[in-house]
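The block underneath contains the structure these notes are about, expressed in structure tokens.
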Amino acid sequence: MSRAVKTRSGRSLSPPEVDALAAEADRGLDLSTWTPRPGRPSLGARAGAHSPRIAVRIPEEVHRRATERAAQEGRSISEVVRELLEAYARAANPR
């Protein structure tokens, strides 16, 4: 029984691609050529500071409308949410 296989980014893999990856795994991974990739840069002012992630569930319609508006403004949803949370936190603790 075959089923659809998707990568972490959501790209669907074809059966030949899955077979090629399985064959590569069977041959083994040469760790001598592996180099770690850097993660995303910190959003904090200090170099190396941790940027926490949060996850929320929202109605599909709100997500659709917010995504459309952000795209029209040339912004990402992450930018919009960061700005809204900053305004919310500032209102409770004005600096």
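Does segment 71-93 include one or more residues that are at pLDDT below 80, of a type in the set (A, V, I, L, M, F, W, C), loosely packed, with under 11 Cβ neighbours inside 10 Å and assigned to a helix (DSSP H, G or I)? The answer is yes, given that some residue of segment 71-93 is at pLDDT below 80, of a type in the set (A, V, I, L, M, F, W, C), loosely packed, with under 11 Cβ neighbours inside 10 Å and assigned to a helix (DSSP H, G or I). With respect to (1) at pLDDT 80 or above; (2) of a type in the set (D, E, K, R); (3) assigned to a loop (DSSP other than H, G, I, E, B), the lone exception for GLU24 is condition (3). Within the span defined as segment 63-70, one or more residues are part of a helix (DSSP H, G or I), of a type in the set (Ser, Thr, Tyr), surrounded by 10 or more Cβ atoms within 10 Å (Cβ to Cβ) and in contact with a helix residue (DSSP H, G or I) (Cβ under 8 Å, 6 or more places away or on another chain). Contact annotation: no residue pair with Cβ atoms under 8 Å, 6 or more positions apart or on different chains, pairs a residue in segment 17-33 that is over 20 Å from ALA4 (Cβ atoms) with a partner that is surrounded by 10 or more Cβ atoms within 10 Å (Cβ to Cβ). I'm trying to understand the selection: among the residues of segment 28-59, which are modelled with pLDDT of 85 or more and over 26 Å from ILE77 (Cβ atoms)? Those that are modelled with pLDDT of 85 or more and over 26 Å from ILE77 (Cβ atoms): none in segment 28-59. For the criterion of being at negative phi, among the charged types (D, E, K, R), more than 18 Å from the chain's Cα centre (by Cα) and in a loop (DSSP other than H, G, I, E, B), ARG46 passes.
The values are calculated or read from the model by the stated rules, or taken from the named source; none is laboratory data. Note that the structure is a prediction, hence the values are computed from the model and not measured. Don't worry about glycine lacking a Cβ; one is built from the backbone with ideal geometry, like all the others, and counts go over all protein chains shown.
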